[in-house]
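Contents: one structure, followed by commentary.
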Amino acid sequence: MTQGRPLLNRRLAEFGTTIFAEMSALAVRTGSINLGQGFPDTDGPEEIREAAVRALRDGHGNQYPPGPGIPELRTAIADHQRRFRGLAFDPDTEVLVTAGATEAIAAAMLALLEPGDEVIAFEPYYDSYAACIAMAGGVRVPLTLRAPDFRPDLDALRDAVTPRTRLLLLNSPHNPTGMVLTREELSTIAALAVEHDLLVVTDEVYEHLVFEGEHIPLASLPGMRDRTVSISSAGKTFSYTGWKVGWVTAAAPLVAAVRTAKQYLTYVSAGPFQYAIAEALRLPDSYFDSLRTDLRRKRDLLGDGLRAAGFEVHQPQGTYFITTDITSFGEKDAYAFCRALPERCGVVAIPNSVFYDDPDAGRSQVRFTFCKRDDVLHDAVGRLRRLAP
Ligand code: GLN
């Protein structure tokens, strides 16, 4: 307190330490297996790491790269969008490199919202959404995805739109539930956006991690090209979450708006890594196929283990997370359960309850990640069996 006033401003007052930091610290403190925060325990392709080393040694990106990102990466992002999604973006005006998807989300909210604008977002939502909407002075309007299948209630979405709605903040494949929006759902959402002249920000960081169905970019649907800000990131696709290379693709006026905010957040980031990710985006299809196949196998390994340990498992169609329900253990408070889990069996997980505004909707949901080595997953599953009554 100074001058009788809290130091943290009102917009951020409800936000403490992120659950990921809290639970990773708990894992370190207790020596537990960390199936909480989503980061792989094996680095991505070696040739991509070597490309970063080469860039560092050759002095590429050691000084400020250009504000929108190095041309090589912007071109690689545009080519990747064409190759995998059939979407054409001009690398000079329609692509923006950001400090991870996290900065892209923040810059989009800061650029596109006026104070009081309403943002409709699925809950459970990735934690930075709420904070970024708040920092921009926006008002979040959650649309609750409900177990067991977490499909969006599109009638409820229609009802949630008001004259103050400015944008929809979507995430598919969806963290934490693993839900992947279908073409029908996306078409309904697109039609609603067109009807009410809404912007859409779509977080597609798990675009290559779809095990059932397919990833359909919202920007490809009729009427959406000019109102959609698509966000993705190298972190998940190439297993280098620490490099923080993300990007935005959108029509030029939207990119210009987001860039205006982004310039004053980090200006630029990750110079040498930008060169490496430009190469990564050009890896052959076999890379992307084996990433997915490998993670599907890990999903099944962990899913079977969680079921055997007594959890109710909500099968994810994408991402590298499994949402479970702990009611079968006679428990109903996910946060308390996760706090006690290291002590009980030496494993750390994430309580989905913190990703909901509706305290009842996710109270008994716990998320585990499976982007870990097989031996780690086997070990974790063995430990979790100790929970069985
Ligand atoms: N996206 C990661 C997860 O959901 C965590 C990223 C972070 O710690 N901010 O686990």
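Quick note: the coordinates plus some simple rules give every number you see, no bench work behind them. This one's a predicted model, so the numbers in the text were calculated from it and none came from an experiment. Here Cβ is always computed from backbone atoms with ideal geometry, including for glycine, and neighbour counts include all displayed protein chains.
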**Asked** In a shell of Cβ-Cβ distance under 14 Å around VAL229, excluding VAL229 itself, what net charge do Lys and Arg (+1) and Asp and Glu (-1) give?
**Response** 0
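Classify the stretch 39-80 from the C-alpha gyration tensor, please: rounded if a/c falls under 1.5, else prolate or oblate depending on whether a/b exceeds b/c.
Oblate, since a/c reaches 1.5 and b/c is not below a/b.
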**Fill in**
Rounded to the nearest whole number, the per residue volume of the convex hull around the C-alpha atoms of the stretch 261-380 in Å³ is 170 Å³
**Asked** Classify the stretch 173-260: rounded, prolate or oblate, from the alpha-carbon gyration tensor (a ≥ b ≥ c, eigenvalue square roots; a/c under 1.5 rounded; otherwise prolate if a/b is larger than b/c)?
**Response** oblate
**Request:** Report ³J(HN,Hα) in whole Hz for each residue of the stretch 3-16, in order, from the Karplus equation J = 6.51 cos²θ - 1.76 cosθ + 1.60 where θ = phi - 60°; Gly and Pro get x.
**Result:** 6, x, 10, x, 5, 6, 5, 4, 5, 9, 4, 7, 9, x
**Request:** Could you tell me which of PRO163, TYR64, PHE150 has its Cα farthest along the dipole of the chain towards the positive end, charges placed at Cβ (Lys, Arg +1; Asp, Glu -1), taken about the Cα centre?
**Result:** TYR64
**Complete:** Non-local residues with an amide H under 5 Å from the amide H of LEU145, with H modelled 1.01 Å from N and Pro and chain starts lacking one, are GLU123
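Could you work out [θ]222 nm for the chain from helices alone, using -39500 (n - 2.57) per DSSP H run of at least four and dividing by all its residues? Round to the nearest 500 deg cm²/dmol.
So the calculated ellipticity at 222 nm is -12500 deg cm²/dmol.
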**Fill in**
Taking a straight Cα-to-Cα line shorter than 21 Å from LYS262, and setting aside same-chain lysines fewer than 8 residues away, one finds LYS244
**Asked** In the stretch 272-335, what trypsin sites (Lys or Arg not before Pro) fall in a loop by DSSP, with at most 16 other Cβ atoms inside 10 Å?
**Response** ARG282, LYS332
**Message:** Among PRO284, PHE337, THR319, whose Cα projects farthest towards the positive end of the dipole of the stretch 282-337, with charges put on the beta-carbon of Lys, Arg (+1) and Asp, Glu (-1)?
**Reply:** PRO284
**Fill in**
Residues whose built amide H sits under 5 Å from the amide H of VAL347, excluding neighbours closer than 5 in sequence, are ILE33
**Complete:** Along principal axes, largest first, the alpha-carbon spread of the stretch 7-138 in whole Å comes out as 45, 44, 32
**Message:** Skipping prolines and chain starts, which residues have an amide H placed within reach, meaning under 5 Å, of the one on THR98, given they are 5 or more residues away or on another chain?
**Reply:** GLY246, TRP247, VAL248
**Fill in**
Note on the chain, DSSP bridge orientation, antiparallel percent to nearest 5 equals 50 percent
**Prompt:** For the stretch 85-95, what does the Karplus curve 6.51 cos²θ - 1.76 cosθ + 1.60, with θ = phi - 60°, yield as ³J(HN,Hα) per residue in whole Hz, taken in order and with x for Gly and Pro?
**Reply:** 10, x, 10, 9, 10, 7, x, 7, 10, 10, 9
**Message:** Below 8 Å, C-alpha to C-alpha, sequence gap of six or more: please give me the relative contact order for the stretch 230-336 in percent.
**Reply:** 15 percent
**Asked** Taking θ as phi - 60°, what are the ³J(HN,Hα) couplings along the stretch 176-190 by the Karplus curve (6.51, -1.76, 1.60), each to the nearest whole Hz, with x for Gly and Pro?
**Response** x, 7, x, 5, 10, 5, 8, 4, 5, 4, 5, 5, 5, 4, 4
**Prompt:** Under 19 Å from the Cα of LYS298, which lysines turn up, not counting those fewer than eight places away in the same chain?
**Reply:** LYS236, LYS372
**Request:** Find the centroid of the Cα atoms in the stretch 46-113 and in the stretch 251-272, then give the distance between the two in whole Å.
**Result:** 10 Å
**Request:** Please go through the stretch 264-342 and write out the chymotrypsin sites (Phe, Trp or Tyr not before Pro) that DSSP classes as loop and that have at most 14 other C-beta atoms within 10 Å.
**Result:** TYR264, TYR267
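Among the GluC sites (Glu not before Pro) in the stretch 1-97, which ones are in a DSSP loop with at most 12 other Cβ atoms within 10 Å of the Cβ? Mind listing them?
Answer by residue number: GLU14.
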**Asked** Tell me, what is the percent relative contact order of the chain, built from C-alpha pairs under 8 Å that lie six or more residues apart?
**Response** 24 percent
**Kirkwood Rh in Å, taken over the chain so that all alpha-carbon pairs contribute** = 21.5 Å
